[in-house]
Every structure is written in structure tokens, then in C-alpha cells.
Amino acid sequence: MSEPYSPSARTRVIREPHRGVYDRATAYQILDQGFIWAYGRAGDNLYIHGSAASRMLRNLDQGIPVCVTVTLLDGLVLARSVFNHSMNYRSVVVLGTATAVEDREEKLTALRAISEHILPGRWADSRQPNEKELKATLVMRLPINEFSAKVRTGAPIDDEEDYSFPTWAGVIPLEMVARTPIPDERCDPKLPVPAYASKYTRDGCR
């Protein structure tokens, strides 16, 4: 179980502070559903990976400060005034210093966490990384020691005098939806589509 967390001066939410959330459960829920960047979480560590020749990752290994931000967009909020339009979202900021993972077993654990974060079940169903691939891949570990989450939910918030303005107002919910899997042309037609592909969803991470 993670220890209780108190925000630092760098992670305390300043704008709309009532939307700030500082518990690990909320932050980890958002991190575990985030999708755009290939990262993974194992316990209280974030793992990121890329080419061993990546200038960005090699610079991170020099001990420079790191900021990782993950945002989930849940809806467009249409207010009556242009100024008060908004979005419903969940976001996390993690600050710290990343270090390269040198231990082979931890590296495999990290790569598995990244794979399972994107597509649970696929790691065990695929060929495992060989030594050449491991050597060509740089994995960085970022401890989740300094972080904050910020969340907006609900309806638009208009100025009182604008509630009588004659235009539609409300929320357009947004979500990522998986379509029917398309098999590779060289895939054996006798192989069934695995359930993790045919029933893929990110909703289970909410």
C-alpha cells in the first residue's frame, strides 16, 4: 500500500485549486488509463522507453529534471458564453529525476509493464525481446515521489446573467472506442482473434 502523499510547492494546484487531487489512487488510475505515450507503471515507478540512441532519453540519464504529464479528455463542456467553455478531464503531473535501468530482469519487467499498459495480455502472447533488441532499447525509471492530479467533471459554469441566453449548453462526452480488429494479410486464418483484441477497451482502467 502506498504511503500518504502531501503536495510540494511545485505540484500544488494553483489555478482552480478545488480541482486538485493528491491521493495516489486517483493519480495511478489516470496514469494507468493514459494511452498516447508508450509508458508503463509498476508500483510507485513510471517506466519510459525508446531507442538507445534517443537524444532525449540519453539527456534524461544525465540527471536533468523530468516532468511527465498525462491528460485524459472526457468531454467538451459547452457553456452559454465563449469565455466559459471548458473540457472535462483528468490529468496527472509527475516531477522527478529519471535513471536508466541497467538490470536485465528489471528491464524486462519494465518492458512488460509498458506492453501490458497498452494491451493487457499481449506480452505473454508474443515473442519475447531478444538480446539485440534489449541492447537497442533504453528504459528509464522515474519514481512517482512528487506528483499531483487535477480533475474537472460536470456541467458548464456560466455567469448568472448568461443562463437566460438562448443557446444550447451542456456536455459532449468523449471516449476512445476500439473498432473490429483487422488481421494482417500474412496471419494464419486459422488463428482466432484473441479476446484482448476483439474486446479491447480502456474503460476498465477507470
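Please treat every number below as a calculation from the coordinates, not as lab data. Every value quoted in this text rests on a predicted model; they were computed, and no experiment measured them. All Cβ positions, even for glycine, are placed from backbone atoms using ideal geometry, and neighbour counts span all protein chains on display.
At-a-glance table
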quantity: Tally, over the range 73-85, of residues that are more than 21 Å from the chain's Cα centre (by Cα) and assigned to a strand (DSSP E or B); calculated: 2
quantity: Unmet criterion (only one of (1) free of Cβ contacts under 8 Å to residues at least 24 places away in the same chain; (2) under 30 Å from L134 (Cβ atoms)) for G96; calculated: (1)
quantity: Complete set of residues in the range 108-149 that are assigned to a helix (DSSP H, G or I) and out of contact with any Gly (no Cβ under 9 Å at 6 or more places or on another chain); calculated: L108, T109, W123, A124, D125, E131, K132, E133, L134, K135
quantity: Residues satisfying the stated conditions in the range 163-197, i.e. touching a Phe, Trp or Tyr at 6+ places or on another chain (Cβ under 9 Å) and touching a residue at least 60 places away in the same chain (Cβ under 8 Å); calculated: A169, M176
quantity: Out of V66, V93, V70, sole residue that is assigned to a strand (DSSP E or B), surrounded by fewer than 19 Cβ atoms within 10 Å (Cβ to Cβ), touching a Gly at 6+ places or on another chain (Cβ under 7 Å) and not hydroxyl-bearing (S, T, Y); calculated: V66
quantity: Members of the range 151-179 found to be in contact with a helix residue (DSSP H, G or I) (Cβ under 8 Å, 6 or more places away or on another chain) and either β-branched (V, I, T) or within 21 Å of T71 (Cα to Cα) (or both), listed by number; calculated: V151, R152, P156, I157, E175
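A quick yes/no check of all residues on (1) out of contact with any Pro (no Cβ under 6 Å at 6 or more places or on another chain); (2) surrounded by 12 or more Cβ atoms within 10 Å (Cβ to Cβ):
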site: K132; (1), (2): yes, no
site: L138; (1), (2): yes, yes
site: F147; (1), (2): yes, yes
site: R152; (1), (2): yes, yes
site: D159; (1), (2): yes, yes
site: P173; (1), (2): yes, no
site: D184; (1), (2): yes, no
site: C187; (1), (2): yes, no
site: A197; (1), (2): no, yes
